[in-house]
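The values are calculated or read from the model by the stated rules, or taken from the named source; none is laboratory data. Note that the structure is predicted; figures quoted are calculated from it, not measured. Don't worry about glycine lacking a Cβ; one is built from the backbone with ideal geometry, like all the others, and counts go over all protein chains shown.
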Amino acid sequence: MGKSFASFGFRPEVMQGIEDLFYKEPTPIQEEAIPYILEGKDVIGQAQTGTGKTAAFVLPILQKLQLDKRDIQALILTPTRELSIQIAQEIEKLGKHLEVNVLSLHGGTDIERQLSKLKHTVHIVVGTPGRVLDHIKRGSLHFGRISTLVLDEADKMLEMGFLDEVEQIIVSTPQHRQVLLFSATMPDLVKKLAQRFMDQPPHIRIETKQKTVEIIEQLYYVINQSDKTDALVDLLESVNPYLAIIFANTQQRVQQLTARLQESGFAAQALYGDLSQNKREQLMKQFRDIKFQYLVATDIAARGLDVEGVTHVINYDLPNDVESYIHRVGRTGRAGQKGTAISFCSPRQKSLIARFAKATKAKIEEKIFVPGRHLDAGRKERAKEREEYFVKLREEKQKEEKREKAKKDAPLREALKKSAKVKPGYKKKLAKEMEEWKTQYEQKRRREEAKAARKKTAKTAVKKSR
């Protein structure tokens, strides 16, 4: 039996964040790195994606955070915007009860909005080297008082050509600060960086275990977004899993899916972050006791949940990163049992599947989805709705054309409707003028129609001569 999170002496608010995410016990990288980090030592952590390294540095940062200070106290550098967003979200979840203020700085978003947020209290900054350096040069970001600097996925960061930016950022931090470097591999560039800027760091190496993935069958179906819900119902009817966890990316999607499954007669319940701790614990106990068959959940169920007997994991929505995929898939195939992981992906997401296959060192087989009664009915219904929409569109167009014609004819109609009393003989004269006006109007209209017909005939003749 390894250590518990309580053995690290975390403050109650941090422990509550750990419990909210259902973390049961530390992973090897957490167990070895956290004590050194809490002591204030520089640390090199060599571990693959999916080993829990993010929490290994986030938890000690939260433990040491001084919430009454306005200064930025920690900077976490990452190679990609996706990872920056993911880490910021992890900090928000684990630091929820501390009310920590975290800001992700990355490209692809409005820099003015980031500048506005930097005017308020920010405890932790997570960002990509390019955008962080941009803020430093603008004078909108200062790291003169940070206590912790984290270089996450350092090998990937330097491989992408960020060495100069990383060095400039490190130089802008205080001389006496803690440096934590996490990397899957240790190429020469990473070693030299560590030698230059770190003070006798312990080097922690964690070997990735692929044993779980080996006994999990991984497969995927290419499904259009509009077909996914009907396809899920058909899949559950045909496969009939003993126990399954169905992952969706948002709370709203989880609630919608659960409602649809319940309407279709499936024993399903929803698990997401806004549920109270007591409610979540009740749900998990019911699921372990097989009181219901399908748990529809956000990524809150991807980590730390150990439920024996889960035969299937279904990614209704694909996760955005490899680490989340590995955690999700790991919910099946527990205790040496076989498991199946099924993913729905759009045609554009096939590159993501390739990344997951490479990371898990396993084949993810593409299967052709055979539509069942729900998908067939759903497609017919959607086709009917599309047809009704276009019929309505055509009717609106016809009405608009009538309105335009009525607008064009308005002067003539107004003249013809003249009803004021006039002198004898004037009424007859006015009627004659109106008749002449109407005749001229009709002649002009016919001339325009004839002219248009001649043009059309000429074009047709030219085409035939060619």
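Under the condition of being β-branched (Val, Ile, Thr) and either farther than 30 Å from residue 275 by Cα or touching a His at 6+ places or on another chain (Cβ under 9 Å) (or both), the residues counted in the stretch 1-44 number 4. Checking each residue in the stretch 333-352 for being at pLDDT 85 or above and surrounded by 20 or more Cβ atoms within 10 Å (Cβ to Cβ) picks out 339, 341, 342, 343, 344, 345.
Looking across the stretch 160-180, the residues that are under 22 Å from residue 134 (Cα atoms), touching a residue at least 12 places away in the same chain (Cβ under 8 Å) and not in a loop (DSSP other than H, G, I, E, B) come down to 163, 165, 166, 167, 168, 169, 170, 179.
Close contacts from the stretch 229-241, counting a first residue that is of a type in the set (Asp, Glu) and a second that is surrounded by fewer than 21 Cβ atoms within 10 Å (Cβ to Cβ), with Cβ to Cβ under 7 Å and a gap of 6+ residues or different chains, come to 230/374; 230/378; 234/371; 234/372; 234/374; 237/372. From the list 109, 54, the lone residue that is in a loop (DSSP other than H, G, I, E, B) and β-branched (Val, Ile, Thr) is 109. Of everything listed in (1) under 18 Å from residue 23 (Cα atoms); (2) at pLDDT 85 or above, the single unmet condition for residue 324 is (2). Residues in the stretch 24-48 that are farther than 29 Å from residue 176 by Cβ and either surrounded by 21 or more Cβ atoms within 10 Å (Cβ to Cβ) or outside the structural domain of residue 91 (by TED's automatic domain parsing) (or both): there are none. Within the stretch 181-201, the residues that satisfy the criterion of being of a type in the set (S, T, N, Q) and either in contact (Cβ under 8 Å) with a residue 40 or more places away in the chain or touching a strand residue (DSSP E or B) at 6+ places or on another chain (Cβ under 7 Å) (or both) are 183, 185, 200.
Among residues of the stretch 1-22 that are farther than 15 Å from residue 35 by Cα, none has a beta-carbon under 9 Å from a residue that is among the polar types (S, T, N, Q) and in a loop (DSSP other than H, G, I, E, B) at least six positions away or on a different chain.
Of a type in the set (Phe, Trp, Tyr), at pLDDT 90 or above and in contact with a helix residue (DSSP H, G or I) (Cβ under 6 Å, 6 or more places away or on another chain) - does that describe any residue in the stretch 164-187? Scanning the stretch 164-187 turns up at least one residue that is of a type in the set (Phe, Trp, Tyr), at pLDDT 90 or above and in contact with a helix residue (DSSP H, G or I) (Cβ under 6 Å, 6 or more places away or on another chain). Going through (1) part of a loop (DSSP other than H, G, I, E, B); (2) modelled with pLDDT of 80 or more one by one, residue 286 falls short only on (1).
Taken over the stretch 55-85, residues that are surrounded by 23 or more Cβ atoms within 10 Å (Cβ to Cβ) and closer than 24 Å to residue 195 by Cα amount to 10.
Of all residues in the stretch 299-306, none satisfies being surrounded by 16 or more Cβ atoms within 10 Å (Cβ to Cβ), aliphatic (A, V, I, L, M), without any contact (Cβ under 8 Å) to a residue 60 or more places away in the chain and more than 20 Å from residue 241 (Cα to Cα). Each residue in the stretch 213-238 was checked for being more than 26 Å from residue 358 (Cβ to Cβ) and either assigned to a loop (DSSP other than H, G, I, E, B) or touching a His at 6+ places or on another chain (Cβ under 7 Å) (or both), and 3 of them qualify. In the stretch 244-274, of all residues being assigned to a loop (DSSP other than H, G, I, E, B) and not aliphatic (A, V, I, L, M), the one that is nearest to residue 328 (Cα to Cα) corresponds to 249.
In the stretch 343-354, the residues that are without any contact (Cβ under 8 Å) to a residue 12 or more places away in the chain and assigned to a helix (DSSP H, G or I) reach residues that are surrounded by 11 or more Cβ atoms within 10 Å (Cβ to Cβ) and not polar (S, T, N, Q) with C-beta atoms within less than 9 angstrom, at least six apart or across chains, in these pairs: 354/364. Of the residues making up the stretch 124-139, those that are among the small types (Gly, Ala, Ser) and either farther than 28 Å from residue 96 by Cβ or at pLDDT below 90 (or both) are 130, 139.
Just give me the residues in the stretch 289-308 being modelled with pLDDT of 85 or more and on the phi > 0 side of the Ramachandran plot, in sequence order. Residue satisfying the conditions is 290 alone.
Residue by residue, here is whether (1) hydroxyl-bearing (Ser, Thr, Tyr); (2) more than 27 Å from residue 251 (Cβ to Cβ); (3) part of a loop (DSSP other than H, G, I, E, B); (4) in contact with a Lys or Arg (Cβ under 9 Å, 6 or more places away or on another chain) holds:
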position	(1), (2), (3), (4)
313	no, no, no, yes
320	no, no, yes, no
327	no, no, no, yes
374	no, no, no, no
377	no, yes, no, no
391	no, yes, no, no
396	no, yes, no, no
404	no, yes, no, no
